[in-house]
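K.L.:
My questions all concern the structure below.
We did not get these values from a lab; they are worked out from the coordinates using the rules stated. Treat the numbers as computed from the prediction; the structure is a model and nothing was measured. Ideal geometry is used to build each Cβ from the backbone, glycine not excepted, and the neighbour counts take in all protein chains shown.
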């Protein structure tokens with residue numbers, strides 16, 4: 001694709017803005033770890049929410065959506081749309097409690113909730129496990145998408161793509177810390193959304209596609225555009241499809257699987273944003289804004305490009321013929337997304353490329369800052385104890401940032417598609433989700449519970465990876481979740497609970513509610529020092545809000561889709577449902593409540 005001067009000017013402006021923000025933020029980022037990793041804990045909810053949306057607007061996400069649509073239809077997106085339930089659970093049951101902990105990273109939570117050496121070891125192990133292993137996998141998947149985009153649209157080699165994009169993200173993360181990441185995310189989010197909408201428009205307007213009407217009437221697209229899979233149990237193939245793309249994600253996957261930005265109970269860079277909020281309300285608002293934009297609005301431009309690609313490149317072989325120099329190791333259905341962008345006119349080409357660069361930089365810079373915060377605060381600092389100075393911690397954070405970038409770039413050269421990384425993360429995290437939820441609501445969960453859950457999930461995933469039992473993917477997921485959950489539950493009941501002093505201290509700081517803590521609160525009252533609870537943390541109220549928020553966002557998702565499909569009646573009905581459930585949700589916050597209860 002040939003770039004004109006205006007295209008190059010737009011791309012250069014995006015890079016310049018990113019670097020300038022990093023330099024501006026570096027004046028304060030080096031003060032201390034809390035400033036570098038949490039921006040001083042004084043950020044507004046809307047800033048943090050937009051930053052989360054921009055972070056998950058990864059370069060690989062359009063490719064993942066494209067691959068799902070091309071292989072399973074629009075309904076195939078339920079494998080990640082189901083994670084909205086996880087997001088709503090975090091908003092209404094966990095956001096306030098996360099902000100109350102006052103920790104620098106979510107892994108520091110372990111030494112509040114658990115006791116002694118097991119807590120310290122668990123914290124350090126998770127720091128390496130998530131900050132390096134999981135983080136490198138996620139960044140590698142994003143970089144694979146960037147490699148394909150760079151080759152298809154600019155003819156760049158993988159090394160050139162990783163060097164240019166990686167350096168920009170490194171400058172942003174190492175100099176400015178989270179403040180630079182958040183402000184740049186907000187500045188570039190508009191560019192990213194404008195670029196994705198433009199990409200959808202020009203993909204649909206290609207002569208082979210024939211506009212939106214021609215797209216929806218095309219036989220290859222008509223079979224793929226349903227937003228829900230057909231309820232067909234007549235054949236084994238249809239049953240497996242329904243179980244894989246809808247029922248297992250909605251019934252099991254959302255609460256049982258650890259996945260970045262959709263961790264049951266919150267965690268990762270989601271927790272990092274909540275911890276950086278200036279108060280509990282802003283922490284809740286940030287995650288709510290993220291979920292609305294992430295699920296209801298942002299997917300549709302990508303879906304339209306994916307549907308249009310079925311007309312232009314109906315088979316994988318068509319993509320292979322169009323881009324023979326890419327090599328078989330990077331060939332996949334996700335390649336169709338950048339392939340559809342090559343026909344945009346001058347100026348728009350620069351905007352589209354700038355939007356993809358924005359998506360890449362936003363995601364990689366957040367992953368780098370988040371991963372380095374784990375290595376610094378949850379591995380290096382516990383290792384050295386009080387000997388670690390603030391200056392040393394910030395230096396270690398910057399060194400870790402560079403190291404993580406190099407490791408992920410190396411792995412990116414070996415991965416093939418975005419879906420490959422998505423499946424890998426799901427399989428390794430299967431069965432751990434419930435322990436991350438219950439540790440907030442059941443006093444009996446201990447450090448051994450989490451250690452065993454992580455070991456069991458990896459062991460079970462390896463078993464199904466290397467031994468073919470002839471099972472469908474949904475059956476493997478169900479068995480993995482069941483086996484891992486039973487193993488860590490057994491380990492919990494067979495080991496000692498956390499000391500009473502640790503449990504009481506945790507309750508006085510976080511004020512969790514529910515029957516799982518009743519015995520701890522009773523003992524505190526018997527000792528003459530009762531612990532307060534907050535009415536806004538009511539579990540039934542939180543579940544009601546979760547249900548209303550989920551219904552509102554799904555209805556909005558369907559309303560936008562029906563509108564694009566030209567189905568005015570369903571669009572109006574879904575819009576009305578979204579409005580009414582949204583108003584009902586808002587009404588639950590207007591009731592004035594006392595500050596605390598005994």
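K.L.:
Grab the beta carbon distance between residue 465 and residue 8, set R0 = 45 Å, and tell me the FRET efficiency rounded to 0.05. Please list the in-between numbers first.
P.N.:
Values: r = 45 Å, r/R0 = 0.99.
The value I calculate is 0.50.
K.L.:
What length, rounded to one decimal in nm, is gained on full extension from residue 201 through to residue 164, with 0.36 nm per residue of separation minus their alpha-carbon distance? Could the numbers behind the result be given before it?
P.N.:
Values: separation 37, 0.36 × 37 = 13.32 nm, distance 2.78 nm.
10.5 nm is the gain from fully extending residue 201 to residue 164.
K.L.:
Additional query: Using mean Cβ contacts within 10 Å as the protection proxy, how do 410-416, 354-360, 95-101 order, highest first? Intermediate values should be presented prior to the final figure.
P.N.:
Numbers: 410-416: 16.3, 354-360: 27.6, 95-101: 22.4.
Averaged packing, sorted descending, gives the order 354-360, 95-101, 410-416.
K.L.:
What are the radius of gyration and Dmax of segment 401-537, computed over its Cα atoms and given in Å?
P.N.:
19.9, 62
K.L.:
What is the packing order of peptides 556-567, 423-434, taking the mean over residues of other C-beta atoms within 10 Å and listing the highest first?
P.N.:
Details: 556-567: 18.5, 423-434: 22.2.
Per-residue mean Cβ counts within 10 Å order the peptides as 423-434, 556-567.
K.L.:
In degrees between 0 and 90, to the nearest 10, how far off the longest principal axis of the chain does helix 116-128 point, with axes built from Cα atoms?
P.N.:
It is inclined by approximately 10 degrees.
K.L.:
Grab every C-alpha pair in segment 543-598, bin the distances at 10 angstrom width from 0 up to the longest one, and report whole percents.
P.N.:
Once binned at 10 Å, the Cα pair distances of segment 543-598 give 26, 37, 22, 10, 5, 1.
K.L.:
Relative to the first principal axis of the alpha-carbon coordinates of the chain, what is the inclination of helix 447-466, with its axis defined by its Cα atoms, in degrees from 0 to 90 and to the nearest 10?
P.N.:
Taking Cα atoms only, the helix is inclined about 30 degrees.
K.L.:
Normalising by the residue count of the chain, find the relative contact order in percent from Cα pairs under 8 Å and 6+ residues apart.
P.N.:
In percent, rounded to a whole number, it is 26.
K.L.:
Here's a follow-up. On average, how much area does the Cα convex hull of the chain cover when viewed from any direction, in nm²?
P.N.:
Values: hull surface 106.9 nm².
One quarter of the hull surface, i.e. the mean projection, equals 26.7 nm².
K.L.:
Take each of the peptides 493-499, 546-552, 470-476, average the number of other beta-carbon atoms within 10 Å over its residues, and list them starting from the highest.
P.N.:
Details: 493-499: 12.6, 546-552: 20.4, 470-476: 14.9.
By packing density, highest mean first, the sequence is 546-552, 470-476, 493-499.
K.L.:
Test of understanding: express the Cα radius of gyration of segment 224-300 as a ratio to 2.2 N^0.38 Å, with N the residue count. Numbers along the way, then the final one.
P.N.:
Working: Rg = 16.8 Å, N = 77, 2.2 N^0.38 = 11.5 Å.
Its radius of gyration relative to the 2.2 N^0.38 Å reference: 1.46.
K.L.:
Taking Cα atoms, how many degrees apart are the long axis of helix 135-154 and the longest axis of the chain, rounded to 10 and kept between 0 and 90?
P.N.:
Here the helix axis deviates by roughly 20 degrees.
K.L.:
Over segment 182-248, what is the relative contact order in percent, taking alpha-carbon pairs closer than 8 angstrom and at least six residues apart?
P.N.:
On the way: 20 pairs, mean separation 8.8, N = 67.
Dividing the mean separation by the residue count of segment 182-248 yields 13 percent.
K.L.:
Can I ask one more? Testing the spin-label approximation: label points 7 Å from Cα along Cα→Cβ at residue 133 and residue 586. State their distance in nm.
P.N.:
Reported label-point gap for residue 133 and residue 586 is 4.6 nm.
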